[in-house]
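Trainee: To start, I am sharing the structure in question, which I have written as structure tokens.
The values are calculated or read from the model by the stated rules, or taken from the named source; none is laboratory data. Here the structure is a predicted model, which means the values were calculated and not measured. Counting neighbours? That spans all protein chains shown, and the Cβs are built from the backbone with ideal geometry, glycine included.
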Amino acid sequence: MSTPTRTGRNVSMTVNGEAVDRHVDPRRTLSDFLRKDCGATGVHVGCEHGVCGACTVLLDGRTARSCCTLAVQAEGSEITTVEGLADGGELHPLQEAFWKHHGLQCGFCTPGILLTVTELLAGNPDPTDDEIREGISGNICRCTGYQFIVDAVRDAAEILRGTGTGTGTGTGTDPTR
Amino acid sequence: MTSQQLPPGLIGARTRRKEDPRLLTGRAQFVDDVVLPGMLEAAVLRSPHPHARISSIDISAALTVPGVFAVLTGHEVRDACATPQPVVWRMIPDQRMTDQYALAVDKVRYVGQPVAVVAATDRYVAEDALGHIEVEYEVLDPVVTLDDALAADAPLLYEDWPDNVSCRQTIPKGDAATAFAEADVVVTETLTYGRQMGAPLETRGAVMSWDPFTDHLECWMSTQSPNLTRDLLGEVLGLPVDHIRVRTPHVGGGFGNKFDFYAEEVLAALLSKRTGRPVKIIEDRLESFVANAHSREQRIEVSVAAKADGTITGMRGTVWAVLGGQLATVGIGPCWLSMALMAGPYDIPNVEATVVGVVTNRSPYGSYRGWGQPKANFAHERIIEKLAHELGLPANDVRRRNLIPADKFPYPSQVFYYDSGNYADCLDMAENAVAERGWRKRCDAASNEGRALGVGYSFHIEISALGPSKIMNQAGLQHSSFDEEVVRIDSAGGVTVRTGLSAMGQGIETALAQVAAHTLGVPLDSVTVLHGDTQTNPFTGYGTGASRGAALGGGALLRASTRLRDKVLRIAGHVLEASPDDLEIADGVISVKGAPGGPSITMRDIGDAAYRRLDGKLPDGEDPTLEERDVLDPDNVAFSYGTTAVLVEVDRETGRVDVLDYLLVHDCGTVINPMIVDGQLHGGATQGIGGALYEEIVYSPEGQPLTTTFMDYLIPTATEIPRFETLHMTTTADHIPGGFKGMGEAGTIGAASAITAAIEDALPDLTLHLARLPVSPPRLLDAIDVATASKENS
Ligand code: FES
Ligand code: FES
């Protein structure tokens, strides 16, 4: 819970399509605001100094590190967090691809990587593996070794371009599906 | 060698993970997502000095900060605790213990040691209040390095000790002295492994809620070892364990850092007791670099005695463990293991290895994926390379000559019995794969263009499935190491597995579900795995570490599920009027074998017969309900193993090393989910690459840590990491039901050895001598300079 102080300010923004209007301390980070005041706990904080990318959100369509952004700086903006990716009960194709290719282990880096890749694919719908690696090089994943993330992104890009069935290369058949 | 063959099915299938939809949508709960009514947040004041006496602490100003509820100092914590912070690995009986409390009492021994703690309305206010605590220190000379600590006139960290040595132990096998006296050749090496840590992306944290009326403690913790933590909280806080409930939500990576038991959980509990409110404590990243257990740092002296043909007859080694200012939970454990496994995969008849634990003014030394094994590996693989160079033989020929032959298993090493393996086949497979992929040709082609590429190998073993409890107790473990699993079919035929293991990204939920579904013959979707609550889930000794989860949890669950399946078949036989032996279960339907379209009954019917409408369906003498539990305390640990081959490019001008290709040939017995195994190998190898080339916790000569952000401590990103290729062999562990061996640490163990060998191979005109990790560009340039100078002088 944010501690209201005499210096508190009102902020309003749109978070995953919902208008929010809150009174916050000017020093409240956007990551704390989203996590604690908006319930968007899919925003993860891994370093609080702008390096790991776990806290990445989309701010007016562009990635932003919410740990190094103040809530008051996001006034009037439109924010998308990982909670805003899926469509109702349907996973976003990117989420599906990460699932299929084992693009996550502990999942702590995953929300930030999904949003980073969303921006990447918006600008470059058909990236090479090197471009994918470059595109996610601002996000630390301590678990996966990145290869299955790269596979997932390549596969998702194909699906999003509408050119593929998304059979991909990674994980083979799944007897449970 | 016998081998356990499981029929094809869900064990061995690349199924998607059950845990992923939660994690992909932001719905998974991590510890910092736990919010309780009235909850306070805590922050820790940490020592700015490596070595100092605390003269006084004044907390009065901090207590007046609006929103502050409590401030604790060392004396209060000591008085509130029944014991000092515990050390669970006590391998060396006469080891000097450090016996410290969650807050420093009179003296600080490393930068970052907790000195006071504040609970306030939120973390912002708690951090404000830290600035109002006045501590006066009498600064003492720091003991920063191993040599500082061992110097004759070194300041003492513990004034009642004669020196800074906490322990020393030698374990011999055979007669090393004779082997060295009779050797054709002796080679010796001194290696330095840099200080590193697991650095999971989610930092450590806890939420503690102490009920002052009943003295019950509810805990939410990001931990790998929930049962051990509960027992240790009971010991330290003087509470009966039935008053303590430890819940582990999703754990955002552990890598050993979250195996250990830390001060912060004790502090949050005491603050909750003091304030009557729940207290959350979440470590920030800067703190994590001083408050998490450090690992890896050692100086290792190793020598081998050999015949002219490369047969190793003897090995000697000393592991100098650069411990921190106090012992962490695992004490000398990891460094002791480096000593105990120094001979690695080699059949060396005479070994004499020593470990010496030395305290310094650095953060405590604890668990990190691989434990002592990356260092042991670096020792045996570096010395193999050096011996091969000395004898003018290919290093893999020397490996092959000394690898333990398949017919010598179970093999008695210095300390352990290695259970099974086909080591030579594994090395052959890697060499063949490298030849097929044309790495050598790529090196030659690059060399014609003036570029320097090289190939390096390493062979690793990995202790897993830890382990027989009584033997571990005899080895000094103050806890058990069995695993208990429970499986239940409910009244509608759904399956619930209960486990004490923690889900920390390794996919244990999916792996256990696969074992249960495979054994019971039900769809994977019908299995739910519950974990993360000591009150409702079974007991796992030790914790989710030492590559034991899949092997012991899987083995116990396989046995429990097999018995449950038998009961299902008895009920089905009764209903279908058939012998249970004639029945089979597929996809949740029980029918007569070889009679398609014949009478059948579903798992839902069986559930109904065992819980609801028993009459006429449940055989007489059969208890209602469908539940089995099993405890696996194996007769022995298991040893996985593998060969790593890497292709690197070295830039002679800058000292930069690029890993171009990476191949792992691996054997971990029966594989439950190959996709998960590959993911573990990739992730482990990535940490190994980090440790070989980039990651090091650096201290200034004054004892100040210089690497306290991700800008200084360099974790590899996607652009530093190559594609990996994995090839698998299966040699089952026949003392583990299912034949599983663990493999969670495998990737980390052999990486640095293979990479250093590859760098040396890339510069064949120089006799490069890489003895220090990580091989950072300046270090490599230095080594190139030294080698160039010695070439010019010769
Ligand atoms: S938490 Fe924001 S970049 Fe790491
Ligand atoms: S999956 Fe754990 S940090 Fe990326």
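Trainee: Looking at (1) out of contact with any strand residue (DSSP E or B) (no Cβ under 9 Å at 6 or more places or on another chain); (2) part of a loop (DSSP other than H, G, I, E, B), which is the only condition B:ASN537 fails?
Mentor: Every condition holds for B:ASN537 apart from (1).
Trainee: If you don't mind, another one. Answer with yes or no whether A:GLY112 is touching a residue at least 60 places away in the same chain (Cβ under 8 Å) and outside the structural domain of A:THR41 (by TED's automatic domain parsing).
Mentor: yes
Trainee: If I ask for residues that are surrounded by fewer than 24 Cβ atoms within 10 Å (Cβ to Cβ) and among the aliphatic types (A, V, I, L, M), which ones from segment B:254-284 would you list?
Mentor: Hits for segment B:254-284 are B:ALA263, B:ILE282.
Trainee: Filter segment B:285-343 down to residues that are surrounded by fewer than 23 Cβ atoms within 10 Å (Cβ to Cβ) and within 16 Å of ligand 2 (Cβ to nearest atom) and give me whichever is nearest to the other protein chains (Cβ to nearest Cβ).
Mentor: It comes out as B:ARG285.
Trainee: Is it the case, given these coordinates, that A:THR56 is closer than 21 Å to B:GLN29 by Cα, more than 10 Å from chain B (Cβ to nearest Cβ) and either of a type in the set (Ser, Thr, Tyr) or surrounded by fewer than 17 Cβ atoms within 10 Å (Cβ to Cβ) (or both)?
Mentor: Yes: the conditions hold for A:THR56.
Trainee: In segment A:131-149, which residues are away from ligand 1 (no atom under 16 Å from the Cβ), within 7 Å of chain B (Cβ to nearest Cβ) and surrounded by fewer than 24 Cβ atoms within 10 Å (Cβ to Cβ)?
Mentor: Within segment A:131-149, A:ARG133, A:GLU134 meet the criteria.
Trainee: I'm trying to understand the selection: among the residues of segment B:165-210, which are basic (Lys, Arg) and either within 16 Å of ligand 2 (Cβ to nearest atom) or part of a loop (DSSP other than H, G, I, E, B) (or both)?
Mentor: If we filter segment B:165-210 for residues that are basic (Lys, Arg), which is where we start, we get B:168, B:173, B:195, B:204.
Across segment B:165-210, the qualifying residues are B:ARG195, B:ARG204.
Trainee: Filtering segment B:657-712 down to residues that are among the polar types (S, T, N, Q) and crowded, with 21+ Cβ neighbours inside 10 Å, which residue is farthest from ligand 2 (Cβ to nearest atom)?
Mentor: In this case the residue turns out to be B:THR670.
Trainee: Just a yes or no: is a residue in segment B:472-479 farther than 30 Å from B:GLU235 by Cβ and either modelled with pLDDT of 95 or more or buried (at least 20 other Cβ atoms within 10 Å of the Cβ) (or both)?
Mentor: Scanning segment B:472-479, I find no residue that is farther than 30 Å from B:GLU235 by Cβ and either modelled with pLDDT of 95 or more or buried (at least 20 other Cβ atoms within 10 Å of the Cβ) (or both), so the answer is no.
Trainee: Output the number of residues of segment A:33-43 satisfying the condition of being in contact (Cβ under 8 Å) with a residue 60 or more places away in the chain and facing chain B (nearest Cβ under 7 Å). Before you say what the answer is, go through the steps one by one.
Mentor: Start the filter on segment A:33-43 by keeping residues that are in contact (Cβ under 8 Å) with a residue 60 or more places away in the chain, which leaves A:42-43.
The next check asks that each one be facing chain B (nearest Cβ under 7 Å); those that pass are A:42.
Final tally of qualifying residues: 1.
Trainee: I've got another one for you. When only residues in segment B:171-212 that are among the acidic types (Asp, Glu) and away from ligand 1 (no atom under 16 Å from the Cβ) count, which is farthest from B:LEU341 (Cα to Cα)? Show your work before the answer.
Mentor: Let us first name the residues in segment B:171-212 that are among the acidic types (Asp, Glu), namely B:175, B:182, B:184, B:189, B:202, B:211.
Okay, now just the ones that are also away from ligand 1 (no atom under 16 Å from the Cβ), so B:175, B:182, B:184, B:189, B:211.
Details: B:ASP175: 17, B:GLU182: 24, B:ASP184: 25, B:GLU189: 17, B:ASP211: 46 Å.
Per the stated criteria, the residue is B:ASP211.
Trainee: Something else about it: Output the residues belonging to segment A:80-107 that are within 23 Å of B:GLY253 (Cβ to Cβ) and assigned to a helix (DSSP H, G or I).
Mentor: A:VAL82, A:GLU83, A:LEU94, A:GLN95, A:ALA97, A:PHE98, A:TRP99, A:LYS100
Trainee: For the list (1) in contact with a strand residue (DSSP E or B) (Cβ under 7 Å, 6 or more places away or on another chain); (2) within 7 Å of chain B (Cβ to nearest Cβ); (3) surrounded by fewer than 24 Cβ atoms within 10 Å (Cβ to Cβ), I need the number of the one condition that A:GLU83 fails.
Mentor: (1)
Trainee: Residues that are facing another protein chain (nearest Cβ under 9 Å), more than 28 Å from A:GLU18 (Cα to Cα), more than 16 Å from ligand 2 (Cβ to nearest atom) and at pLDDT 95 or above: does segment A:115-130 have at least one? Even if it seems obvious, please write down each step before you answer.
Mentor: Narrowing segment A:115-130 to residues facing another protein chain (nearest Cβ under 9 Å): A:129-130.
Add one more test, that the residue is more than 28 Å from A:GLU18 (Cα to Cα), and what stays is A:129-130.
Imposing the further condition that a residue be more than 16 Å from ligand 2 (Cβ to nearest atom) reduces the set to A:129-130.
Still in the running and at pLDDT 95 or above: A:129-130.
Looking for residues that are facing another protein chain (nearest Cβ under 9 Å), more than 28 Å from A:GLU18 (Cα to Cα), more than 16 Å from ligand 2 (Cβ to nearest atom) and at pLDDT 95 or above, one finds at least one in segment A:115-130, hence yes.
Trainee: So which residues in segment B:747-790 are among the hydroxyl-bearing types (Ser, Thr, Tyr) and within 23 Å of B:HIS666 (Cα to Cα)? Talk me through it step by step, then tell me what you get.
Mentor: Within segment B:747-790, the first condition is being among the hydroxyl-bearing types (Ser, Thr, Tyr), and the residues that meet it are B:748, B:753, B:756, B:767, B:776, B:788, B:790.
Within segment B:747-790, B:THR748, B:SER753, B:THR756 meet the criteria.
Trainee: In segment B:464-485, which residues are under 16 Å from B:LEU232 (Cα atoms) and acidic (Asp, Glu)?
Mentor: none
Trainee: Taking the condition of being within 14 Å of ligand 1 (Cβ to nearest atom) and not in a loop (DSSP other than H, G, I, E, B), how many residues in segment A:59-70 meet it? Don't jump to the end; show me each part of the working.
Mentor: From segment A:59-70, those within 14 Å of ligand 1 (Cβ to nearest atom) are A:59, A:63-70; that's our starting set.
Still in the running and not in a loop (DSSP other than H, G, I, E, B): A:59, A:63-68, A:70.
So the answer is 8.
Trainee: Of all residues in segment B:545-559, which are buried (at least 24 other Cβ atoms within 10 Å of the Cβ) and assigned to a helix (DSSP H, G or I)?
Mentor: Quick first cut of segment B:545-559, residues buried (at least 24 other Cβ atoms within 10 Å of the Cβ) only: B:545-558.
Within segment B:545-559, B:GLY549, B:ALA550, B:ALA551, B:LEU552, B:GLY553, B:GLY554, B:GLY555, B:ALA556, B:LEU557, B:LEU558 qualify.
Trainee: For segment B:489-502: of the residues being crowded, with 24+ Cβ neighbours inside 10 Å and of a type outside the set (Ser, Thr, Tyr), which is farthest from ligand 1 (Cβ to nearest atom)? Walk me through it before giving the result.
Mentor: The initial filter retains those residues of segment B:489-502 that are crowded, with 24+ Cβ neighbours inside 10 Å, namely B:489, B:495, B:497, B:499-502.
Pick out the ones that are also of a type outside the set (Ser, Thr, Tyr) and you get B:489, B:495, B:497, B:500-501.
On the way: B:ILE489: 43, B:VAL495: 38, B:VAL497: 34, B:GLY500: 31, B:LEU501: 28 Å.
Among them, the one singled out is B:ILE489.
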